[in-house]
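Where a number appears in this text, it was derived from the coordinates with a stated rule and is not lab data. Computed from a predicted structure; not experimentally measured. We place every Cβ from the backbone using ideal geometry, glycine too, and count neighbours over all the protein chains shown.
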Amino acid sequence: MNHFLDIHRTDPADLRAMIDDAATTKAARAGKPKGSLDADLPLKDHMVALIFEKPSTRTRVSFDVGVRQMGGQTMLLSGADMQLGHGETIADTARVLSRYVDMIMIRTFEEATLLELAEYATVPVINGLTNRTHPCQIMADILTFEEHRGPIKGKKVVWSGDGNNVFASFAHAAKQFEFDLVFTGPQPLDPEPALDGLYTTIRNPQEAVDGADLVVTDTWVSMHDPQSARERRHNQFRGYQVNEDLMTHASDDALFMHCLPAHRDDEATSAVMDGPHSVIFDEAENRLHAQKAVMRWCLGK
Ligand code: CP
Ligand code: NVA
């Protein structure tokens with residue numbers, strides 16, 4: 001039994017195997033209706049709990065569809081409706097859920113909640129985003145990059161904007177998948193110090209994206225950030241918008257990614273999001289295929 005808690009907590013060989021598995025199983029069901037079952041039914045007779053303490057479109061739907069395609073069943077739980085949100089401990093929640101379900105995916109606020117759930121659960125736990133990381137997203141992003149451009153090893157990836165939870169998982173992936181990661185953003189909003197050494201910082205965005213194979217950004221205000229900080233943050237990040245002018249500094253065949261949901265014409269312009277470099281909807285689709293591989297790995301299937 002394996003937990004999938006973070007990219008830096010997972011063996012690089014296992015990460016590589018999951019990406020390759022995702023590509024193979026995606027190809028095997030090409031052209032089939034979305035609700036059709038995978039031939040090998042790896043999650044047959046398995047029940048998976050999907051817990052959300054924050055909103056979600058992609059994570060919710062892709063996990064739900066993924067489990068069903070693999071022959072399993074899902075249970076969608078809102079954190080606010082559970083006793084977890086009303087004082088029951090995380091440890092007790094983990095012990096109880098482990099008696100009913102075969103795997104737990106959780107989207108939560110504090111990373112400590114995820115880690116405690118995993119400590120006390122006797123079934124695999126998957127990180128569906130915390131304030132600190134979003135590993136499933138980056139597994140989908142690696143799959144997407146490699147589909148379009150081949151191995152990501154040795155490539156230059158540039159993140160422009162907020163050094164947030166999605167950036168943190170990119171930083172972990174840079175080490176595990178051996179690519180170069182450059183961060184460009186305003187100094188007061190630098191990534192957390194725990195990520196130091198996993199990336200280089202170049203303050204000037206045009207200079208940073210020079211020769212980039214992949215340019216990535218994300219919302220300037222994440223779900224856990226106070227809305228009161230919105231205007232200040234927008235003022236700080238404005239110079240780091242990914243627009244057509246910035247993309248001219250990247251490689252001619254550079255890809256553009258955004259995990260979505262986007263605030264169009266804030267962190268990235270619609271011209272870039274809908275333009276020739278963009279693979280944002282392939283990324284969204286690949287959440288499904290990458291997470292199916294993660295779930296199979298968790299259950300040893
Ligand atoms: N990218 C992502 O995790 O999207 P959702 O918040 O819609 O799940
Ligand atoms: N950084 C964003 C990602 C959403 C998928 C957030 O945490 O809100």
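Overview of results
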read-out	value
Gyration tensor verdict on the stretch 124-235 (Cα atoms; rounded if a/c is under 1.5, prolate if a/b is larger than b/c, oblate otherwise)	oblate
Degrees, to the nearest 10: 58-69 long Cα axis against longest axis of the chain	40 degrees
Residue of VAL125, VAL216, VAL96 that the Gaussian network model of the chain assigns the largest fluctuation, springs spanning Cα pairs under 10 Å	VAL96
Mean Cβ neighbour count within 10 Å, used as a protection proxy, ranking 239-245, 43-49 highest first	43-49, 239-245
Order of VAL61, VAL157 under a 10 Å beta carbon neighbour criterion, fewest first	VAL61, VAL157
Neighbour-count order for TRP297, TRP220, TRP159, fewest beta carbons within 10 angstrom listed first	TRP297, TRP220, TRP159
Shape category assigned to the stretch 1-71 from the gyration tensor of Cα positions, a/c cut at 1.5	oblate
Order of ILE106, ILE19 under a 10 Å beta carbon neighbour criterion, fewest first	ILE19, ILE106
Cα gyration tensor, the stretch 1-124 - rounded (a/c under 1.5), prolate or oblate	prolate
Part-to-part distance (alpha-carbon centres) for the stretch 63-139 and the stretch 1-46, which is given in Å	18 Å
Sites GLU192 and MET47 - FRET efficiency at Förster radius 41 Å, r taken between beta-carbons, to 0.05	0.70
Cleavage-rule hits, trypsin sites (Lys or Arg not before Pro), the stretch 129-221, DSSP coil, Cβ neighbours within 10 Å at most 15	LYS153, ARG203
